[in-house]
Amino acid sequence: MKLSLVAGIVTLVIALSFGLQRNFSPLGGLFPDAVLTVLTLLGIVMIIRGIREPARERPFAGIAASGLLAAIAILAVWVFSLGVAGFVISGLVFFLITALFLRERPVRIRVVLVDAAISTLFVVGIYLIFTRVLLIPLPQAPF
């Protein structure tokens, strides 16, 4: 079975289920409606790609089970560390560890510095978007 086709159908089902539950005021539904529109369009694109692309036999054949389990463990530790260290500190550590973990080449100090800079920009950017623009509080460090 084609992965893009299945993912597109699942995406459309999710968008439809959220769309059917929509119960917002006209302005309160502005952002959810935009997200649902984008989600629906992405689902349609995935379905079209799934129909047009030839089927692959094993799309996840190159992924080792140990790497997947390690990624899940790293994610679980990050979720539990949110309450202890807050979003910014735990996010910086998590994204840096994840970036280094995903590297296939040997890790050098320059690579660590570049990944640290990218992780910092990403985490601080997400923090500012949520706290300043969307006015959604994120977990804070207790210290």
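Rule-based calculations on the coordinates, nothing more; no lab input. Being a predicted model, the structure only gives us computed values, none of them experimental. When we count neighbours, we look across all protein chains shown, and the Cβ atoms used for this are built from the backbone with ideal geometry, even at glycine.
Below is a table of values for the structure above.
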item	result
Packing-based order for 44-50, 33-39, using average beta carbon neighbours within 10 Å, highest first	44-50, 33-39
Rh by Kirkwood over Cα pairs, then Stokes-Einstein D for the chain at 0.890 mPa s and 25 °C, µm²/s	132 µm²/s
Structure-based [θ]222 nm, the chain - -39500 (n - 2.57) summed over DSSP H runs of at least 4, per residue, nearest 500	-24500 deg cm²/dmol
Net charge of Cβ neighbours under 14 Å - reference Leu16; Lys, Arg +1; Asp, Glu -1	0
Selection of trypsin sites (Lys or Arg not before Pro), segment 72-115, meeting DSSP coil and at most 11 other Cβ within 10 Å	Arg108
Additional length obtainable on full extension of the chain from Tyr127 to Val77, 0.36 nm per residue less Cα span	16.1 nm
For the chain, built as a Gaussian network whose Cα springs stay under 10 Å, the top-fluctuating residue of Leu75, Leu128, Leu27	Leu27
